[in-house]
Amino acid sequence: MPLKFLHRCIRFRRTRLTHRLKRICATVCICVAPLAVTGCYDRQELEQQAFVSVLGVDKAPGGLIDCTFKIAQPISPSGGAGGASGGGEQPLASKTPVTVRAHSIYEAMLLANGSIERTLTFSHLTLIIFGSNVAKSGVLQYIQPLTRYREFRRTVPFAVADGEAKDIIQTFQPMLDTSTARVNDGISLLANRIGLIPNCRLHDLAAALENPHEDVVAPMYGVNKFVKDNKSLPDDSSISYEAGDVRRSGGNPVDWMGGAVFHGDKVVDFVNGEDSIYLRLLEGELDHARLDFQDPTNKQQNIGVELHKEGRAHYDVSLGNPVQIRVNVPVDVDVVNVSSGIDYSQTQPRAKLEKSLSDQLNQRLEGLLHRLLVTDHADVIPVSRYIRAQFPTYQAFQSYPWLTRLKTANIIVNSDIHVRRFGVQIEPLHETT
């Protein structure tokens, strides 16, 4: 009996101690929790921030750079600017670009706040443009703050200007969208759907610099000389796929077409819009492409086709001497235009057409791949990813003289085109007399 009573007393005291400790812990948590919660003492309202939507970087005298900031301001759906009312994400209206000369991008950000009454923020940055003079001399020293500063997202696209970036930013006048964020998002979608320009992000450039044997191609922007100066189109039969030289009148004075080929952090070559389509096919990133080929029967006429990717391009690389690179690009074709009026829907004419289209496409793809790998020493696909499995260690792959071996590489491309459809009308039109 005394033992049972003793056990009950011990359990009672333990229970009281446990409840007391729980009360003490709860009191401490209640007192400390408010101190651990982030307060609003350093908050910044929308009306206190200047959103930079586009950043341009150009070279300046004395080793300095000119940073151009395109400022955007939130506007309410009712049309009022600067307010946060209305709910949801607000569109961004463009303001006049501001150019600041400084030693670095970070210093330019600081100096810009000496004339801009709001704090610059890059959380809505949609595009970074490097001037051609900066891109040719090397961009590594300028992207260092971009990869460290937390407001610069690595998913931001970057491009190269044909000339100075500030001219592109000041001249850019979108035709349809008033929101600068939507404009650049729309151009990125066009890059994936049409293929006239590559799609490159800041992360792609940083990853290529850190990985061996890899390079990138950045989209090109150029001020169209015909639109800007309101010139009449030349009286010739030439067609241009280069940004700034596209034969057109009216619309946005800025073209986006083609790309700048990087080797390391420097631009070593430029490709036009047509080459960009072939490059996207070699990368396996383009599902559809519209191209013109020479009519095999009538050399003076063209055949318009729409290419459809059947699968990703397959690379077979043999590390011999010389290196053998075989590429298979599986595509099928819709014929959308036959200017000559020849009927290719029958078996024999169709076979002739398929062979001609395959030969022409193979020749163009081989020429572009040879130019990039052998002449420019820039592996922008990159083909080197397909040889990693042939090395026992990463160090062996890194030390392999890939670019040296590419100088004598033998490149063979096989597209093996199959004509699937002839549009909505199989037979060509025939005029009745």
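The values are calculated or read from the model by the stated rules, or taken from the named source; none is laboratory data. Note that the structure is a prediction, hence the values are computed from the model and not measured. Quick reminder, even Gly has a Cβ in these numbers, built from the backbone with ideal geometry, and neighbours come from all protein chains shown. These area figures cover heavy atoms from the full protein model, side chains too; ligands, DNA and RNA do not enter into them. Shrake-Rupley method; radii C 1.70, N 1.55, O 1.52, S 1.80 Å.
Figures for the structure shown
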| item | result |
| --- | --- |
| Residues of the stretch 385-425 classified as part of a strand (DSSP E or B), within 16 Å of L319 (Cβ to Cβ) and over 28 Å from the mean Cα position of the chain (by Cα), total | 1 |
| Positions within the stretch 83-112 being modelled with pLDDT of 85 or more and in a loop (DSSP other than H, G, I, E, B), in sequence order | P97, H103, S104 |
| Within the stretch 130-152, considering residues that are within 17 Å of the chain's Cα centre (by Cα) and among the β-branched types (V, I, T), the one most open to solvent (accessible area, probe 1.4 Å) | T147 |
| Test: residue in the stretch 250-258 that is under 18 Å from the mean Cα position of the chain (by Cα) and closer than 23 Å to V383 by Cβ | yes |
| Matching option when the condition is open to solvent by less than 50 Å² (accessible area, probe 1.4 Å), among the aliphatic types (A, V, I, L, M) and either within 14 Å of F158 (Cα to Cα) or at pLDDT below 90 (or both), among I197, I239 | I197 |
| Test: residue in the stretch 242-250 that is within 30 Å of P330 (Cβ to Cβ), surrounded by 14 or more Cβ atoms within 10 Å (Cβ to Cβ) and at pLDDT 90 or above | yes |
| Residues located in the stretch 200-218, provided they are outside any helix (DSSP H, G or I) and open to solvent by less than 10 Å² (accessible area, probe 1.4 Å) | C200, A218 |
| Residues of the stretch 383-433 satisfying the condition of being modelled with pLDDT of 85 or more, of a type in the set (S, T, Y) and exposed (fewer than 13 other Cβ atoms within 10 Å of the Cβ) | T393, Y394, S399, T404, T408 |
| Within the stretch 219-254, tally of residues that are touching a Pro at 6+ places or on another chain (Cβ under 7 Å), in a loop (DSSP other than H, G, I, E, B) and touching a residue at least 60 places away in the same chain (Cβ under 8 Å) | 1 |
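Residue-by-condition table, conditions (1) assigned to a helix (DSSP H, G or I); (2) in contact (Cβ under 8 Å) with a residue 24 or more places away in the chain; (3) open to solvent by 10 Å² or more (accessible area, probe 1.4 Å):
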residue	(1), (2), (3)
P322	no, yes, yes
I325	no, yes, no
D332	no, yes, yes
S340	no, yes, yes
S345	no, yes, yes
L357	yes, yes, no
L365	yes, yes, no
L372	yes, yes, no
I381	no, yes, yes
